[in-house]
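The values are calculated or read from the model by the stated rules, or taken from the named source; none is laboratory data. Owing to the predicted nature of the structure, the values given are computational and were not obtained by experimental measurement. Don't worry about glycine lacking a Cβ; one is built from the backbone with ideal geometry, like all the others, and counts go over all protein chains shown.
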Amino acid sequence: MNEENALRGLNPAKLVDEKNTSSKRVVMAIDEPKKITPMLLLSGERNPDGTMKNILHEKLPTQLYGLYCVLKADKCGNIAQIPFPKMVEAESPSEEFKHLGGKFYEGRNAYYFKDAKGDFVPMSDFLLKIREKQRRARLDGTISEVFVVKVNNFDTDEEFQLEIPAVNWLEIFSIIEKTFQELLVATDEIPNARERFKRLASLILKKSQFATKSLTTHWGWGLCLKDGSRKFQHGGLATCKSPKKLSPSIVTSAERTRILSRGFDITQVAEPTFTEPIFVYTCGCYADALFTDAGYTNNFSLMLIALSGFGKTSYVKAQCSPFVPEKERVVSVRSTEAAMYVEQEKAYDDVLVVDDFNREGSEREIRQKLKVMRALIRSYSDKTPRKKWSGMNETKGPAIRGGCIFTGETKMTGQLPSGELRYIKIFLKERINGKILQVYQQNPEIMQVFFSEWIRFLEKNYTAIVGWIRKKFPLRREEFASLKEPRLIDACVHLNLTAYLLSQFLMEATVFSEEEAIDFVNSLCNITLDILSRQRDELTEKSPVTLYIEEIFNLIGTGKLLLAANLDIYCHDLQRYGGYIDNDIYMLKKDETHVAVIKAFAAREDYFAESIEDIAKALKKRGLTKCDADGCLKRASSKIAGRPRMLALIVNKCESFLKEENQNE
């Protein structure tokens, strides 16, 4: 009888009682021959759900090592025994196997389960090791815990790393089975497998020893330190898991000068009146935390306006948000408000670029785009936190920090004055120099390095810069008081202080001489004043309320909007009339009247963007309408079926309002 056949007739070896010996060595003794229960092996094929096919492959007896089964599973899932033809000695059973608890054991290369027959069934062909537990602080202050796990496949000598959220730890074996098809999770061989594997996962966690590390997950300026400074968090730090990373620091001063000079030269792709305000605004977005700590936030957005094909989108895509993958640098104005909330969080302490505003599409599509833009403009100008919901409880996410740039073929019209003050309109009148821009498109690392060094400059001088801003901002407000509008004044101060900081940064890197730095700041100051002065002058144009009332009176006067002489005539033919006259009040169908006004503007190749709800509120605020106590419209007479709410214009007050507005012009 050969050695293998001899082993098949032997009873499992018994361990010498450790209590009765002072030696650490444990001898495997052979008892009288008894039949060993054969083990059912499965083929390496898997079902579509990832489980092993229950097909009889072959039968082999179970060879025991002490009380532990010594088996080997290949990468296809086939299980084979490792025979021991001779009596085996070992220092201790714990050198080969470790009892985890209950009926679960850890071998050299697998986990085992002791079944009801006393046989040890392999549960896997790999082992896990928890390297560390990470406590990751999110931007909104919430903390999640993640286990970093090493998975060793001993058949192929491969090592995998997984990050498993702590709340999903008990599902780790299911996750491995779905993630790594080459690893064996023997669910078919284990009774009540799902619960068994959860219990095994729990025991592994209990027996593991690992360090706990605190990390952040967001990009941007961290918490304020005791000295008033902040550190910039990014994925290049060992303490941050953000996907966005700053470029490595430049070693030599000569190389730093060359690369920063090349980065600033992107402003040469078009006239300075277009590129310089955008470049300085981008620098200001990364410095928003410093202005905020000084008490003066970046409270405006930019809107870049140019004909299609001039290259405005290509320019901002090459210059702005260089730390974001290229395909994610620009988002569409056609996105929903909910999608924009997500994009805002991604662009915290960065620049959000929203592309392609125009008046194309249906009225509904245009209104949606306007709604998205207005929501973004207001959120960035007021730094409003966005609301989040968790069950019945409302919570607020982080305040917005950074900036937003819109691109479009035309400016927004029909805005209320407060809306016009919240963003700066910058026009591109000539086509971008594509040859120069192509250098930056093909070498995105140029802008990555430039803004990385800019952020490090701010970080190094954080407290000094914050103190300087706190001192200079109110003084500069007085210098630009001629703009009159407080929001425009603050925007001008913000851009000019940022330009000065940028000039100091470039002087330190020997990109600018002192004279060039002064010229740059003065140039930017003149450009900014010119842009904002023109925008201030545009605010003297007629307000949407004035335009709306004038258009209604014009439609009535030309007979395009028919009003019945009284309520009875109106009720006799509701389809014909757009409303009726009730003494000194025009009772108007709100929706039909609003559509008529919009169509009248469109006929003149113009656009009226205000909704009927916003206009009704503005009319009520000025006392130009009669309204119900609970709204901005008036409920119709009981003679009209359904008693719809109507726009009730007080004629004499509207006439006085228009007269006063025209005199003020």
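The single condition among (1) closer than 17 Å to I424 by Cα; (2) among the polar types (S, T, N, Q); (3) more than 22 Å from the chain's Cα centre (by Cα) that S253 does not meet is (1). The residue pairs whose first member lies in segment 133-161 and is more than 19 Å from I175 (Cα to Cα) and of a type in the set (D, E), whose second member is modelled with pLDDT under 90 and crowded, with 19+ Cβ neighbours inside 10 Å, and whose beta carbons are closer than 8 Å, counting only pairs six or more residues apart or on different chains, are D155/A73; D155/D125. Apart from one condition, Q415 fits all of (1) on the phi > 0 side of the Ramachandran plot; (2) modelled with pLDDT under 85; (3) buried (at least 18 other Cβ atoms within 10 Å of the Cβ); the exception is (1). Return yes or no: is F232 crowded, with 19+ Cβ neighbours inside 10 Å, at pLDDT 90 or above and assigned by TED's automatic domain parsing to the domain that holds I175? No.
Scan segment 205-238 for residues that are within 18 Å of D349 (Cβ to Cβ) and part of a loop (DSSP other than H, G, I, E, B) and report the count. So that I can check it myself, show each step before the final result.
Taking segment 205-238 and keeping what is within 18 Å of D349 (Cβ to Cβ), we get 215-225, 228-237.
If we keep only those that are part of a loop (DSSP other than H, G, I, E, B) too, we end up with 217-219, 222-225, 228-231, 234-237.
Count: 15.
Determine which member of the set F553, F451 is at pLDDT 95 or above and either within 30 Å of E661 (Cα to Cα) or part of a helix (DSSP H, G or I) (or both). Step through it out loud before you land on a result.
On the way: F553 fails: at pLDDT 95 or above.
When all the criteria are applied, what remains is F451.
Entry remark, segment 458-476: residues being crowded, with 16+ Cβ neighbours inside 10 Å and either in contact with an Asp or Glu (Cβ under 7 Å, 6 or more places away or on another chain) or among the polar types (S, T, N, Q) (or both) number 2 in total.
Scanning segment 205-226 for residues being crowded, with 16+ Cβ neighbours inside 10 Å and touching a residue at least 12 places away in the same chain (Cβ under 8 Å) gives a total of 8. Determine whether segment 165-175 contains at least one residue that is part of a strand (DSSP E or B) and within 23 Å of G235 (Cβ to Cβ). There is at least one residue in segment 165-175 that is part of a strand (DSSP E or B) and within 23 Å of G235 (Cβ to Cβ).
Looking only at residues of segment 177-204 that are at pLDDT below 90, part of a helix (DSSP H, G or I) and in contact with a strand residue (DSSP E or B) (Cβ under 9 Å, 6 or more places away or on another chain), we find that the one that is surrounded by the fewest Cβ atoms within 10 Å (Cβ to Cβ) is T179. Here A641, A648, A629, A596 are screened, and the one residue that is touching a Ser or Thr at 6+ places or on another chain (Cβ under 8 Å) and either not basic (K, R) or not in a loop (DSSP other than H, G, I, E, B) (or both) is A648.
Could you please let me know if V151 is surrounded by fewer than 18 Cβ atoms within 10 Å (Cβ to Cβ) and of a type in the set (A, V, I, L, M, F, W, C)? Give the derivation first.
On the way: surrounded by fewer than 18 Cβ atoms within 10 Å (Cβ to Cβ): no; of a type in the set (A, V, I, L, M, F, W, C): yes.
No: the conditions fail for V151.
Considering L588, L529, L547, the condition of being hydrophobic (A, V, I, L, M, F, W, C) and in contact with a strand residue (DSSP E or B) (Cβ under 6 Å, 6 or more places away or on another chain) is satisfied by L588 alone.
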